[in-house]
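Peer 1: Below is a structure I'd like to ask you about.
The values are calculated or read from the model by the stated rules, or taken from the named source; none is laboratory data. Treat the numbers as computed from the prediction; the structure is a model and nothing was measured. All Cβ positions, even for glycine, are placed from backbone atoms using ideal geometry, and neighbour counts span all protein chains on display. Surface accessibility is based on the protein's heavy atoms, side chains included, excluding ligands, DNA and RNA. Shrake-Rupley method; radii C 1.70, N 1.55, O 1.52, S 1.80 Å.
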Amino acid sequence: MRTLLVAVVVLFTTSIFAQNAGAVLGKWKTENGKSHVEIYKKGGEYYGKIVWLKEPLNEEGKPKVDKNNPEEDMRSRPLKGLELLREFEYDADDEMWEDGEIYDPESGDTYSCEMSLEGDNKLKVRGYLGISLLGRTTVWTRVE
């Protein structure tokens, strides 16, 4: 009986952690409102790509591209569909998605990043160089 109780508690606890880890999944509007990012799970990690742009076309009427990328051969790839969040892992103790990277197509820079939920519909995204104290946080809003 005791073994069955322990198994039920472990199963229940595991499903709660899995539920919390998956709470980040979905579409998010960036703080500046210029884009929507869809966060999804690939393997055991979390990723995010641009799925909507407020202004999808450049001044020539063509789809915007990753023109500020430091790698010249990447500058022609479209911004829509661009994977800008990579390799996040969920830390149940801290209730955060950590050890990931965020790419900023406006600057062409990549930063270490961590994310945490503030309620159900706000996602705090913190990019930083080196240590988290030396960074910047933006708040994204869930897109229903």
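Peer 1: Return the pair list, or none, for Cβ contacts closer than 8 Å from residues in the stretch 38-50 that are more than 19 Å from residue 114 (Cβ to Cβ) to residues that are outside any strand (DSSP E or B) and open to solvent by less than 10 Å² (accessible area, probe 1.4 Å), at least 6 apart or on different chains.
Peer 2: 50/82
Peer 1: Quick one: would you say residue 134 is open to solvent by 90 Å² or more (accessible area, probe 1.4 Å), in contact with a Gly (Cβ under 8 Å, 6 or more places away or on another chain) and over 18 Å from residue 38 (Cα atoms)?
Peer 2: no
Peer 1: What is the one condition in (1) at pLDDT 95 or above; (2) more than 22 Å from residue 23 (Cα to Cα); (3) open to solvent by 70 Å² or more (accessible area, probe 1.4 Å); (4) touching a Gly at 6+ places or on another chain (Cβ under 8 Å) that residue 129 does not satisfy?
Peer 2: (1)
Peer 1: Right, here's the next one. Identify the residue in the stretch 79-108 that is out of contact with any Asp or Glu (no Cβ under 7 Å at 6 or more places or on another chain) and open to solvent by 70 Å² or more (accessible area, probe 1.4 Å) and, among all such residues, is farthest from residue 22 (Cα to Cα).
Peer 2: Here is the first cut: in the stretch 79-108, the residues out of contact with any Asp or Glu (no Cβ under 7 Å at 6 or more places or on another chain) are 80-81, 83-85, 90, 92-95, 102-104, 106-108.
Adding the requirement that they be open to solvent by 70 Å² or more (accessible area, probe 1.4 Å) leaves 80, 93-95, 106.
Details: 80: 24, 93: 15, 94: 15, 95: 11, 106: 28 Å.
Among residues in the stretch 79-108 that are out of contact with any Asp or Glu (no Cβ under 7 Å at 6 or more places or on another chain) and open to solvent by 70 Å² or more (accessible area, probe 1.4 Å), the one farthest from residue 22 (Cα to Cα) is 106.
Peer 1: Of the residues in the stretch 34-43, how many are part of a loop (DSSP other than H, G, I, E, B) and modelled with pLDDT of 95 or more?
Peer 2: Here the count works out to 1.
Peer 1: Output the number of residues of the stretch 29-43 satisfying the condition of being more than 18 Å from residue 139 (Cβ to Cβ) and open to solvent by 60 Å² or more (accessible area, probe 1.4 Å). Give the steps one after another, and end with the answer.
Peer 2: First, the residues of the stretch 29-43 that are more than 18 Å from residue 139 (Cβ to Cβ): 40-43.
Of the ones still in play, those that are also open to solvent by 60 Å² or more (accessible area, probe 1.4 Å) are 41-43.
Going through the stretch 29-43 one residue at a time, the tally reaches 3.
Peer 1: Anything in the stretch 109-124 that is over 13 Å from residue 47 (Cα atoms), open to solvent by less than 60 Å² (accessible area, probe 1.4 Å) and in contact (Cβ under 8 Å) with a residue 24 or more places away in the chain? List them, or say none.
Peer 2: 117, 123
Peer 1: Can you pull out the residues in the stretch 44-58 that are assigned to a loop (DSSP other than H, G, I, E, B) and within 20 Å of residue 143 (Cβ to Cβ)?
Peer 2: Within the stretch 44-58, 54, 55, 56 meet the criteria.
Peer 1: Still on this model: Residue check: is residue 58 within 20 Å of residue 31 (Cβ to Cβ) and either open to solvent by less than 60 Å² (accessible area, probe 1.4 Å) or not charged (D, E, K, R) (or both)?
Peer 2: The answer is no for residue 58.
Peer 1: Would you confirm, using the coordinates I've provided, whether residue 71 is within 18 Å of the chain's Cα centre (by Cα) and either over 23 Å from residue 26 (Cβ atoms) or open to solvent by 70 Å² or more (accessible area, probe 1.4 Å) (or both)?
Peer 2: No; evaluated as a whole, the condition is false for this residue.
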